[in-house]
1. Got at least one residue in region 43-54 being under 21 Å from L168 (Cβ atoms) and among the basic types (K, R)?
2. Looking at region 3-22, can you tell me whether even one residue there is in a strand (DSSP E or B) and in contact with a Ser or Thr (Cβ under 7 Å, 6 or more places away or on another chain)?
3. Cβ contacts < 9 Å: first residue under 16 Å from E170 (Cα atoms), restricted to region 101-124; second residue part of a helix (DSSP H, G or I) and aromatic (F, W, Y), any location; separation 6+ or different chain. Result?
4. Among residues belonging to region 147-173 that are assigned to a loop (DSSP other than H, G, I, E, B) and either among the hydroxyl-bearing types (S, T, Y) or under 18 Å from A122 (Cβ atoms) (or both), point out the one that is least open to solvent (accessible area, probe 1.4 Å).
5. Within region 184-224, how many residues turn out to be in contact (Cβ under 8 Å) with a residue 40 or more places away in the chain and in a strand (DSSP E or B)?
6. Limited to region 174-224, what total is found for residues that are farther than 21 Å from W21 by Cβ and surrounded by 16 or more Cβ atoms within 10 Å (Cβ to Cβ)?
7. With (1) basic (K, R); (2) without any contact (Cβ under 8 Å) to a residue 60 or more places away in the chain; (3) open to solvent by 20 Å² or more (accessible area, probe 1.4 Å) as the list, and R61 as the residue in question, which single condition is left unmet?
Amino acid sequence: MTTEPADIIEIDVISDVMCPWCYIGKRRLERALAMVPDVAVDIRWRPYQLDNTIPESGMDRKEYLRNKFGSDEQAAQVYGPVRAAGKDEEIPFEFDKISISPNTLNAHRIIRWAMTEGVQDAAVERLFQLYFVEGANLTDKKVLADAAVEAGLERAVVERLLESDADLEETKAEISQAQQMGVTGVPAFIIGSRYAVMGAREPEAIAQAIAEVAKERSAPAGNA
């Protein structure tokens, strides 16, 4: 049976590329989708900033973590469960390679532009990999442009847009909208504009929510 476009379930993933749990959440979403292979989905990555006070040029990573957690030891303790969860999802986190904690607005602009070209997942994946595995500086516009090109965007277009304010206010507005919806942490999965799964929940929980939306949409109108 062919799935009609009206049956496609929209999944809005509110996420920040400097959030390790969002990378873990991406893997768990992928596993969840494998559990509901008969459900067609349209995944849209939406912006969020865990810390919008970071300067546009970024901030020394060690200094940032000390300010946030109080000490190197406390930061290491906080990231212990993240490493363990990443290992379970086959994400080889290399936190020690990260030297700059970035302001992620420009990265979110890249993700926004990637959506219009149908390569958003590839862009999100590459940005996560660059930051958490390779320790790349996501405030560096060349790094961002390279990631965009690898995802399938045109370099000249991306470089021109990055040097402008294109979609900057729109991206900020989306972040504000998420906050107004009550999102205080990420990832957050908004499924079919109806169910919200907050946090990097286990794949079974995400799959259950997707299946529930699919069931509701397939029910006869009189039984809704």
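The values are calculated or read from the model by the stated rules, or taken from the named source; none is laboratory data. All of these numbers come straight from a predicted model, not from anything done at the bench. Cβ atoms come from the backbone with ideal geometry, glycine included; neighbour counts cover every protein chain shown. Just the protein is used for accessible areas: all its heavy atoms, side chains included, with ligands, DNA and RNA removed. Shrake-Rupley method; radii C 1.70, N 1.55, O 1.52, S 1.80 Å.
1. Yes, because at least one residue in region 43-54 is under 21 Å from L168 (Cβ atoms) and among the basic types (K, R).
2. yes
3. What qualifies is A107/Y131.
4. Of everything passing the filter in region 147-173, L153 is least open to solvent (accessible area, probe 1.4 Å).
5. Residues that pass the stated criteria total 4.
6. 4
7. (3)
Okay, residues lined up against (1) open to solvent by less than 30 Å² (accessible area, probe 1.4 Å); (2) under 14 Å from C22 (Cβ atoms); (3) not aliphatic (A, V, I, L, M):
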{"site": "S101", "(1), (2), (3)": "yes, no, yes"}
{"site": "I111", "(1), (2), (3)": "yes, yes, no"}
{"site": "A114", "(1), (2), (3)": "yes, no, no"}
{"site": "D121", "(1), (2), (3)": "no, yes, yes"}
{"site": "T139", "(1), (2), (3)": "yes, no, yes"}
{"site": "A145", "(1), (2), (3)": "yes, no, no"}
